[in-house]
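Every number in this text was worked out from the coordinates using simple rules, so none of it is lab data. Values in this document were obtained by computation on a predicted structure and should not be read as measured data. Because the Cβ atoms are built from the backbone with ideal geometry, glycine has one as well, and the counts that use them run over all protein chains shown.
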Amino acid sequence: MTPFSVISTHGAMSTYFDQSILLCSQNYFRVHTRKTQSVATQSSSVSISSCGSLSLTSLGCYCCCKSKYESFCNNNKKIRSHINRSNGNNQTNSVKCETRDLKKRFSLRLRPRLRLLSRKLKRVSLRAILNDFGMYVRKNMRKLTLSTAISVVLGLCYLFLKLTSVPFPKVVPYSDLILNLQSGSVSKVLFEEGSRRIFYNTASPIPSASAEDELPPSDGLSESVSESVLKPEDVKTRPPMGMEMLRRFSSTKVSTPVWQFYTRKIDHDETFLLTLMREKGTIYSSAPQSTLTSVRNIMITILTLWIPLAPLMWLLYRQISTSNSPAKKRRPSNQTVNFDDVEGVDTAKTELMEIVLCLQGAINYNKLGAKLPRGVLLVGPPGTGKTLLARAVAGEAGVPFFTVSASEFVEMFVGRGAARIRDLFSIARKSAPSIIFIDELDAVGGKRGRSFNDERDQTLNQLLTEMDGFETDAKVIVIAATNRPEALDPALCRPGRFSRKVFVGEPDEEGRRKILAVHLRGVPLEEDPYLICNLVASLTQGFVGADLANIVNESALLAARRGGEAVAREDVMEAIERAKFGINGKQLTPSALKEELGKLFPWMPSLGLGKGNKTRETGLQGPLGYQTLS
Ligand SMILES: Nc1ncnc2c1ncn2[C@@H]1O[C@H](COP(=O)(O)OP(=O)(O)OP(=O)(O)O)[C@@H](O)[C@H]1O
């Protein structure tokens, strides 16, 4: 018996621990051993490397092992004596064990794998596979048809090339032709018309010519030549072209070329060559390239040039295709926003409400000879609710609303942006009365002629044309939003285009209170919402609607994090801190904040991070323009 196969009284642990320390904690223990051993518990087996540590995360397992360990300690003496007895065999056994371990580790474990595979296969039914396949085919019908068509075409091309393949003569230098002509060994010469190629045969027989290859080739070039050289009975006995092609294709032998040699003509040497041939009595002629060879050449060019280019062409097609334009993809969205959801921007709301009334027909502007404004430009800092206002207009008017970001019109190819604008306006006109909302107008509406970007200018020109081109009765209103009105081209802002400019500014304290009330509608609060709104509004000077929406959301998240049922004042206060100074675990005094920012942006002198610069430390304004709570 080997020391490693000694069975403890429980039959559970089968190892020897010479010196072991059992360290227990709540959910793990470690066993330190001197030698490599293995521990097997009733529930699990774990191998331990020398001086390694073992961690079992299961407390149950730990308890089990503990009892095993106690029984093991009782038997320790027995084991020790046994070990001493069989000390001689110790080394050989350890080697055996190691080999077994290695075998286990590197074995393919084929049997369990096969068992798993067979179990999986049993579960799979043929009908399910067929159903899946059918579904896949139905879903990808277009792709499959296209790929099948391409494969068929490529296959046919290959077949054609294979059938019409003609063995090519040996390429030799021009001097060889001259030498052969001078020695009188050249029997016939052919000049190919429209190229510099010269084919010739020598008097010596063509090596390894098979019976099949004695037939004249299907190549028209060779035909015309062979007709001049071959006997008329050869031409008569020639089989039909198709048959010949099939024979060529099915033949596995390497055929011999009709022309043995091929070389390229040297410029201005024709006179010498012709004189030499005449002197030696060589048969020479010229022939145009055969149609078959031309077709083959074209095909080879297509295959070698266009196939690698195909992915590029496909990408180009995708870019250019009008079916891919944003306007075609766009469906008018169903708006659920109305003017009640937008607060703190009352002037802008009043201006836009008038447009809604005009669209609904509540105001008869035609009676007084007035025209519906074609464009409304919403101007203001980010997050003040420009997009929200446009949505509210669409929601209130109950008309189709086409929203688009101006950057979608910025295209790589000249003319594509303009085409997209055209598409968008034509769709909007078809579903009039409707509203087009162009966000971040400055992306395409920047002043023209400032850069060499012709595409951008063309896109803007198209926008200007489209806004001019509205029929008077087509109720299509363009609402655009921008943070940088000064960057816009003056032509855009002239009356008749974006004639109405609405400033959407930062809300005042009352506005902030109202905005908070909107966003706190669905949020359970521990305190009176009015009090919270007042508190937050007073602490958030300079904040815009988006900031306030974010504060409400953050406070709800903080409340959820601490497991609260409702949002408490502390959550709101922490959310304000986060909105102002960002997330930071440290005490955020102005000086601490300055220090942190100094580490992050050491190159920014405007932060006033020099040791001597104490002027702003005591101020209310933070280093990056943040407002402190104090
Ligand atoms: N006046 C407001 N009333 C209610 N909520 C507002 C208001 N302003 C902004 N919000 C909130 O902020 C979010 C973002 O606002 P919005 O996208 O309209 O800003 P924007 O002015 O268009 O910003 P940008 O110029 O960056 O596009 C809105 O979805 C809304 O939740």
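Electrostatic bookkeeping for Thr384 treats Lys and Arg as +1 and Asp and Glu as -1; over the other residues with beta carbon under 11 Å from its beta carbon, the sum is -1.
Extension gain for the segment Glu98 to Lys501, taken as residue separation times 0.36 nm less the Cα-Cα distance, is 136.7 nm to one decimal.
Let me know the Kirkwood hydrodynamic radius for the stretch 483-522, please, with Cα pairs as the basis and the value in Å to one decimal.
Numbers: mean 1/r = 0.0777 Å⁻¹.
For the stretch 483-522, inverting the mean 1/r across all distinct Cα pairs yields 12.9 Å.
Applying 0.36 nm per residue to the separation of Ala592 and Tyr530 and subtracting their alpha-carbon distance, the gain on full extension is 19.0 nm. The magnitude of the dipole of the stretch 473-532, with charges of +1 and -1 set on the Cβ of Lys/Arg and Asp/Glu and taken from the Cα centre, is near 520 debye. With 26 Å as the limit, the listed pairs Lys349/Lys371; Lys122/Lys143; Lys170/Lys280; Lys475/Lys501; Lys386/Lys475 have Lys122/Lys143 beyond it between alpha carbons. Report the net charge of residues surrounding Ala575, where surrounding means a beta-carbon distance below 13 angstrom and charges are Lys +1, Arg +1, Asp -1, Glu -1. Its environment carries a net charge of -1. Subtracting the Cα-Cα distance of Lys280 and Ile298 from their residue separation scaled by 0.36 nm leaves 2.7 nm.
Kindly state, to the nearest 0.05, the FRET efficiency for Ser125 paired with Ile150, given R0 = 30 Å and r defined as their beta-carbon distance. Write down the numbers at each step before the final one.
Values: r = 33 Å, r/R0 = 1.11.
Result of the calculation: an efficiency of 0.35.
Label sites at Gln360 and Phe168, each approximated as a point 7 angstrom past Cα along Cα to Cβ, lie 8.0 nm apart. Scattering from the stretch 523-571 was approximated by placing one identical point on each alpha carbon and applying the Debye formula without solvent; log10 I(q)/I(0) at 0.23, 0.27 1/Å stands at -0.84, -1.08.
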